[in-house]
1. Report yes if residue 97 is surrounded by 18 or more Cβ atoms within 10 Å (Cβ to Cβ), in contact with a helix residue (DSSP H, G or I) (Cβ under 6 Å, 6 or more places away or on another chain) and modelled with pLDDT of 95 or more, otherwise no.
2. Give 28, 109 a once-over and let me know the one that is more than 22 Å from residue 158 (Cβ to Cβ) and touching a residue at least 24 places away in the same chain (Cβ under 8 Å).
3. Within the range 131-166, can you find the residues that are surrounded by 18 or more Cβ atoms within 10 Å (Cβ to Cβ) and within 13 Å of ligand 2 (Cβ to nearest atom)?
4. Which pairs have Cβ atoms under 6 Å, sit 6 or more apart or on different chains, and link a residue in the range 1-13 that is assigned to a loop (DSSP other than H, G, I, E, B) to one that is of a type in the set (Phe, Trp, Tyr)?
5. Answer with yes or no whether residue 49 is in a helix (DSSP H, G or I), modelled with pLDDT of 95 or more, within 16 Å of ligand 2 (Cβ to nearest atom) and closer than 24 Å to residue 169 by Cα.
Amino acid sequence: MPAPRPGPPLVAEKEIAARVAELGRAIARDYADARLVLVGVLQGAIPFVADLMRAVALDVTVDFLRASSYGAGTTSSGTVRLVTDLSIDIADRHVLIVDDIVDTGHTLAALKRTLEARGPVSVRTCVLLDKTGRRQTDVTVDYVGFTIPNVFVVGYGLDYGGLYRNLPYVATLDGI
Ligand code: IMP
Ligand code: MG
């Protein structure tokens, strides 16, 4: 059995660019007079944050954290650990958590709880991809790029065994 390889694009580079521009405009409108911090979730959110931050025409701060869910495999377990924390204080700031994908919702729900405990004015969430069919939490996702079916995807930050994050589009895996 050969190793799984990315198939054709599920979300093409041009579709991503157009949607990121729309999200950037919506965020700029919604946070017009706010001191916004974009919090990217490493490593999957790197391309998305890089593109989104340039689409938000506001003075924003950008910071990153790294989360890790206990247990291996392709689904998250419900316990989320902060492996690398933010480098700034988010008290009295508006926070927008930016991640690549929301699947069960455990990662976003836990990150939101953790950051809300630090005294920010608000904590909202933005993901490029939403697998709505798999949700196990009632976490609110405030900005969604694309809703996708329950398939494992790679590219534009998303990996399979550490590979394929650098694809400029989102693809399903062939041979999984
Ligand atoms: P959740 O906690 O189940 O919502 O999962 C969120 C995390 O699982 C994401 O930030 C990704 O790192 C990973 N993940 C979920 N679905 C996929 C996928 O289809 N491809 C790659 N990673 C995924
Ligand atoms: Mg992730």
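1. The answer is yes for residue 97.
2. 28
3. Across the range 131-166, the qualifying residues are 131, 153, 154, 156, 157, 158, 160.
4. 12/169
5. Numbers: in a helix (DSSP H, G or I): yes; modelled with pLDDT of 95 or more: yes; within 16 Å of ligand 2 (Cβ to nearest atom): yes; closer than 24 Å to residue 169 by Cα: yes.
Judged against the criteria, residue 49 is a match.
The values are calculated or read from the model by the stated rules, or taken from the named source; none is laboratory data. Keep in mind that what you see is a predicted model, and the values were worked out from it rather than measured. Glycine gets a Cβ as well: all are built from the backbone with ideal geometry, and neighbour counts include every protein chain shown.
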